[in-house]
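Before any comments, here is the structure.
The values are calculated or read from the model by the stated rules, or taken from the named source; none is laboratory data. Everything numeric in this text was worked out from a predicted model, so none of it was measured. Positions of Cβ are generated from backbone atoms using ideal geometry, with glycine treated the same way; all protein chains shown enter the neighbour counts. Accessible surface is based on the protein model in full, side chains and every heavy atom, while ligands, DNA and RNA are left aside. Shrake-Rupley method; radii C 1.70, N 1.55, O 1.52, S 1.80 Å.
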Amino acid sequence: MKKIAITLFAVLIINATHGSPMEKNKEQNPLLAKFTTPHHTAPFDKIKTEHYLPAFTQLINEEEAAIDQIASNPKNPTFDNTIVALELAGEKLSTVSGIFFNLTTAETNSKMQEVAQQVSPLLTKHASKITLNTKLFARIKAIYDQMGSLNLTTEQKRLVDNYYKEFIRSGANLNEVQKKRYVEIKTELSKLTLNFGDNVLAETNKFTLHLTNESDLTGLPQYVRDAASLEAKKRKLEGWVFTLQIPSYLPFMQFSEKRDLREKMYRAYTSKGNQNNSSDNKENIRKIVNLRLELANLMGFKSYAQYVLQERMAETPERVNHFLLDLHNASHPFAEKEFKEISSFAAKSGADFDLQRWDWTYYSDKLKQEKYGFSDEIIKPYFELGRVINGVFGLATKLYGISFKEVNNIPKYHPEVKTYEVADEKGKFLAVLYLDFFPRAGKKGGAWMTEYLGQSNINGQEIRPHISLVTNFTKPTETTPSLLTFDEVTTFLHEFGHALHGMLSRCTYPSLSGTNVYRDFVELPSQFMENFAVQKEWLDQFAVHYQTGEKMPEELIKK
């Protein structure tokens with residue numbers, strides 16, 4: 001269950017004596033004080049790195065006291081005094097955890113990484129202390145065993161079922177020796193997975209391809225050269241700088257005619273964490289794999305895949321493997337045909353060598369241009385980021401009646417972030433939306449949706465979500481605005497599907513709201529939204545050439 005994974009949040013009655021040490025601490029630490037920002041959003045403008053560890057320490061202590069109260073309640077266990085109490089026992093700690101760990105992926109630095117190494121084991125041990133609490137599990141099991149006679153709603157039954165299963169999957173039925181080992185494994189895994197991600201980010205930021213000879217830019221479109229020139233200027237270097245961030249790496253691999261440089265970029269990109277240096281991940285991987293297997297065996301499963309898939313729609317490794325085999329058998333003949341076609345094309349183009357992995361994107365794109373007259377360079381001018389945002393928002397309005405208003409009074413964790421108030425079809429506040437588009441040194445690669453505050457409506461106290469969408473899209477240059485590739489537009493639609501899933505949520509309990517569904521099912525809204533990327537009716541609404549204002553031609557849409 002997500003709340004337990006992040007750790008539950010505690011509602012604890014605190015000594016209200018004026019001027020007590022705890023109250024003074026709350027006054028000084030914005031993470032411990034009530035958020036007075038619009039919609040109670042995170043006060044990013046006030047939070048400092050040194051605030052996190054004391055906040056986590058205090059909130060963990062508070063929650064543990066609250067959990068003890070729930071577990072030791074002399075009254076018979078009921079849905080309200082046990083299950084709902086657990087849902088409420090976590091709000092502030094869950095909020096602070098969300099803020100911190102979201103920033104460790106979107107806007108981190110060495111100090112944040114150091115705090116994460118301290119905090120993550122604390123939270124893991126704290127979560128295990130909850131799920132391994134014998135008295136607490138006995139109360140949950142008592143409710144689970146009599147669930148059929150309790151007159152619960154479907155949502156309430158789901159909540160009870162989730163808590164019961166999650167406690168079992170988190171070691172509640174283990175003996176004391178096994179429980180101790182379970183905590184050790186989970187704590188070590190929390191450290192190792194953090195190390196793994198930090199190393200990948202360090203390796204991404206460490207490598208640059210610095211070019212000073214213009215002849216090395218052969219084949220690169222002007223927008224790629226401009227971006228590399230701007231990157232060099234930011235680093236106070238002459239010439240052009242290419243990085244392993246996707247908006248820099250992919251166009252280089254796609255267009256550069258310099259095969260040796262493509263190979264250099266490819267090898268750097270695919271060997272991140274495999275350089276036998278301080279950022280090497282081989283030992284982390286070995287330990288993670290072995291600890292996951294030990295964890296699965298401890299829980300009575302033959303493999304970690306079997307353990308994980310128990311709570312997925314796929315259910316079993318056999319079903320996953322069967323699906324992959326079907327996919328392989330269906331696609332392999334076409335892949336072989338495509339490989340032969342591209343190899344033949346490359347040979348006709350003068351390639352007197354066997355194609356390697358750093359050649360594939362380059363010759364695939366060249367063949368695509370020759371065969372279909374299509375390339376990212378042709379389509380990018382129609383996808384100016386500002387217009388794409390309006391197009392995506394307009395699509396959401398047409399589909400769901402919701403509207404978006406950009407506001408500047410909500411604190412941001414980085415100046416590039418855009419903030420919006422989202423309203424439903426009746427104009428009622430629905431959600432806060434953060435959009436964070438461009439790569440930077442403190443942001444990990446990829447694209448994702450997350451939340452800073454989940455939706456809930458317990459006892460009529462409706463809390464609307466704070467949703468964040470983070471990407472690594474093409475930056476604007478000194479001469480052009482941000483022009484997206486078709487893949488970036490599709491990615492935007494995909495992640496916005498997740499954002500819609502979060503923003504439109506209308507559940508009672510936070511651990512069931514938004515994207516807190518089966519991991520494989522969560523992709524459904526995203527897959528649905530991707531379909532619009534090639535719909536002329538939608539593209540006509542916003543996809544116009546950023547210089548001429550001409551609509552994207554229907555012929556180009558078909559291509």
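Worth pointing out:
- Zone residues, the range 523-559, relative to K368, backbone N less than 11 Å from point 7 Å out along Cα-to-Cβ: none
- Percent accessible area from carbon and sulfur atoms, the chain, protein chains only, probe 1.4 Å: 52
- Ordering 351-364, 470-483 by mean Cβ neighbour count within 10 Å, with the highest value first, yields 470-483, 351-364.
- Calculated mean residue ellipticity, 222 nm, the chain: -17000 deg cm²/dmol, from DSSP H runs (n ≥ 4) at -39500 (n - 2.57) each, averaged per residue and rounded to 500.
- Hydrodynamic estimate: the Kirkwood radius of the range 436-559 over Cα pairs, inserted into Stokes-Einstein at 4 °C and 1.567 mPa s, corresponds to D of 78 µm²/s.
- Cβ-Cβ FRET estimate between R319 and K234, R0 fixed at 41 Å, reported to 0.05: 0.25
- Of the residues P525, A543, Y509, the one whose Cα sits farthest toward the positive end of the charge dipole of the range 495-549, with +1 on the Cβ of Lys and Arg and -1 on the Cβ of Asp and Glu, is Y509.
- Contour excess over end-to-end distance, with Cα ends at K282 and E416 and 0.36 nm allotted per residue: 44.8 nm
- With only the Cα atoms considered, the chain has a convex hull volume of 186 Å³ per residue.
- Computed about its Cα centre, the charge dipole of the chain is approximately 1140 debye, with only Lys, Arg, Asp and Glu carrying charge at their Cβ.
- With one equal scatterer per alpha carbon and no solvent term, the Debye-computed log10 I(q)/I(0) for the range 60-146 at 0.25 1/Å reads -1.22.
- 1.4 Å probe accessible area per residue over the range 67-224, in Å²: 45
- Stokes-Einstein D (µm²/s) once Rh is taken as the Kirkwood radius of the range 245-303 over alpha-carbon pairs, at 25 °C in 0.890 mPa s: 173
- Each residue of the range 540-553 was assigned a 3J(HN,Hα) from its phi angle through the Karplus curve 6.51 cos²θ - 1.76 cosθ + 1.60 (θ = phi - 60°); the sequence is 4, 6, 8, 7, 10, 4, 5, 9, 9, x, 6, 5, 4, x Hz, with glycine and proline shown as x.
- Once the convex hull of all Cα atoms in the range 219-351 is built, its volume per residue stands at 195 Å³.
- Surrounding net charge for R262, when Lys and Arg each add one and Asp and Glu each subtract one, Cβ distance under 14 Å: 0
- Placed amide H near T474: partners under 5 Å, 5+ positions off or other chain: T485
- Assuming charge only on the beta carbon of Lys and Arg (+1) and of Asp and Glu (-1), the dipole of the range 244-288 about its Cα centre is about 120 debye to the nearest 20.
- The range 28-101: trypsin sites (Lys or Arg not before Pro) falling in loop per DSSP and having at most 16 other Cβ within 10 Å: K34, K46, K48, K75
- Taking trypsin sites (Lys or Arg not before Pro) across the range 232-317, the ones in a DSSP loop with at most 13 further Cβ atoms lying within 10 angstrom of their Cβ are R235, K236, K302.
- Zero-based 10 Å bins, Cα pair distances in the range 316-442, whole percents: 10, 21, 19, 24, 21, 6, 0
- For G445, net neighbour charge (Lys/Arg +1, Asp/Glu -1) across residues whose Cβ lies under 12 Å away: +3
- For the chain, the membrane-span-like helices by this rule, meaning whole DSSP H stretches whose C-alpha atoms cover at least 20 Å of axis and whose Kyte-Doolittle mean is -1.0 or above, are 52-71, 91-106, 110-131, 176-206, 282-298, 317-348, 385-400, 486-503; this says nothing about an actual membrane.
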